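Comments concern the structure below.
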Amino acid sequence: MWRKGELLLVVVLALTGCGRKTADPAAQSSPQGNIRQAKTQSHSGGKVRVQMKGVDLVVDPPVVLEVRSLRGEFVPTREGEPPWFDEPGSFSVRIDQGEIAMTAAAMSTVMNRYVFSYPGAPVKDVDIKIEGDHLVQTATVKKKVDLKTRIEGKLSVTPDGDIRLHPDKIKADGLPVKGILDLFDVELDEMIKTRESRGVRIDENDFILDPEKLLPPPKITGRVTSVRIEGDRIVQTFGGPSDGVALKPSFPDAEHYMFFRGGELSFGKLTMHGADLQIVDADPKDPFQFFLSKYARQLVAGQSRTLPDKGLVVYMPDFDEAGK
């Protein structure tokens with residue numbers, strides 16, 4: 001008899017939108033590592049404040065984090081070194097206030113390409129869809145005989161700012177399963193022990209997700225205050241409207257942009273002391289598509305302007321337009 005707990009764990013990881021386990025990005029090193037370390041010994045540790053509007057952060061096509069709005073800061077992960085664009089693991093993004101969405105299709109890709117891509121993974125062929133206010137996931141659970149599974153559930157937020165998944169319907173090969181646990185008065189936390197280090201724990205029959213432990217680099221932290229389904233997207237809200245201090249970018253009327261102010265910020269071979277950098281969407285007809293791992297391609301295709309106060313404004317094309 002197969003254990004339902006293993007089946008439910010699939011949808012838990014899916015709901016994070018970005019969860020996967022790879023080598024720790026903070027452990028990566030660069031050819032310039034020693035030089036950079038010597039140059040940044042005097043790093044003051046000042047905060048790099050960040051503000052974004054209408055930015056599609058490309059994790060790995062077609063996985064995209066749709067940042068509708070964000071206020072927060074870059075937090076260095078290495079003592080004595082500033083955040084460095086060229087190494088996403090060199091910093092985390094702490095969100096004071098923001099709203100981030102991800103499509104169901106993007107989450108499916110995350111599950112198949114990252115979370116369950118290792119040899120012997122218990123799940124394969126994950127497909128996530130949204131029906132009304134429910135998330136619906138189908139997948140194959142690899143047991144002695146592969147089981148085609150379907151799980152439906154609703155999302156909510158705990159008082160601590162985590163995400164709660166309450167499963168309503170569970171089927172394996174078309175047969176209902178959830179009622180079996182209710183019939184024998186068995187709780188899921190008695191059947192399955194999850195590793196909280198992966199950002200998942202069980203509270204009776206509900207799964208509690210800690211989004212901070214399940215996001216790809218750069219790690220995104222912050223208190224989730226609400227979660228909702230909107231069309232074919234899952235939308236997470238961080239903080240409240242009054243959380244954090246709004247920044248005043250050089251061009252506040254830009255439709256889509258990223259703005260960085262204060263502290264030290266490195267990109268390429270350059271380091272800004274007292275960062276004042278605004279990256280503006282060169283074509284604002286749609287959200288600004290920014291691929292951090294390959295931003296140099298966008299930088300080369302764009303143009304920059306130094307302002308009288310020595311601030312820097314960079315106009316960039318979307319990533320998918322940068323090579324044209």
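Residues of the stretch 248-265 that are assigned to a loop (DSSP other than H, G, I, E, B) and closer than 16 Å to R68 by Cα: P252, D253, A254, E255, H256. Of the residues M258, M272, the single one that is modelled with pLDDT of 95 or more and crowded, with 19+ Cβ neighbours inside 10 Å is M258.
One residue is enough: does the stretch 67-74 have a residue meeting the conditions surrounded by 21 or more Cβ atoms within 10 Å (Cβ to Cβ) and either closer than 15 Å to S266 by Cβ or of a type in the set (S, T, Y) (or both)?
So in the stretch 67-74, the residues surrounded by 21 or more Cβ atoms within 10 Å (Cβ to Cβ) come out as 67, 70-74.
Right, trim to either closer than 15 Å to S266 by Cβ or of a type in the set (S, T, Y) (or both) and you get 74.
Checked against the condition, which is being surrounded by 21 or more Cβ atoms within 10 Å (Cβ to Cβ) and either closer than 15 Å to S266 by Cβ or of a type in the set (S, T, Y) (or both), the stretch 67-74 yields at least one hit.
Within the stretch 216-242, if we keep just the residues that are out of contact with any Gly (no Cβ under 9 Å at 6 or more places or on another chain) and charged (D, E, K, R), the residue that is farthest from G262 (Cα to Cα) turns out to be D232.
In the stretch 266-281, which residue that is assigned to a strand (DSSP E or B) and touching a residue at least 60 places away in the same chain (Cβ under 8 Å) is nearest to V75 (Cα to Cα)? So the residue we want is S266.
Scanning the stretch 269-281 for residues that are touching a strand residue (DSSP E or B) at 6+ places or on another chain (Cβ under 9 Å) and not aliphatic (A, V, I, L, M) turns up T271, H273, G274, D276, Q278, D281. Only one of the numbered conditions (1) on the phi < 0 side of the Ramachandran plot; (2) outside any helix (DSSP H, G or I); (3) at pLDDT 50 or above is violated by A23, and that is (3). Looking only at residues of the stretch 148-205 that are under 29 Å from the mean Cα position of the chain (by Cα), among the aliphatic types (A, V, I, L, M) and modelled with pLDDT under 75, we find that the one that is nearest to S108 (Cα to Cα) is V200.
Evaluating D309 against the criteria (1) surrounded by fewer than 19 Cβ atoms within 10 Å (Cβ to Cβ); (2) modelled with pLDDT of 95 or more leaves one unmet condition, (2).
In the set (1) modelled with pLDDT of 90 or more; (2) of a type in the set (G, A, S); (3) out of contact with any helix residue (DSSP H, G or I) (no Cβ under 9 Å at 6 or more places or on another chain), A106 fails one condition alone, (1). Checked against (1) under 24 Å from the mean Cα position of the chain (by Cα); (2) at pLDDT below 95; (3) assigned to a strand (DSSP E or B), K294 passes all but condition (3).
The values are calculated or read from the model by the stated rules, or taken from the named source; none is laboratory data. This is a predicted model, so every value here is computed, not measured. As a convention, Cβ positions derive from the backbone with ideal geometry for all residues, glycine included, and neighbour counts pool all protein chains shown.
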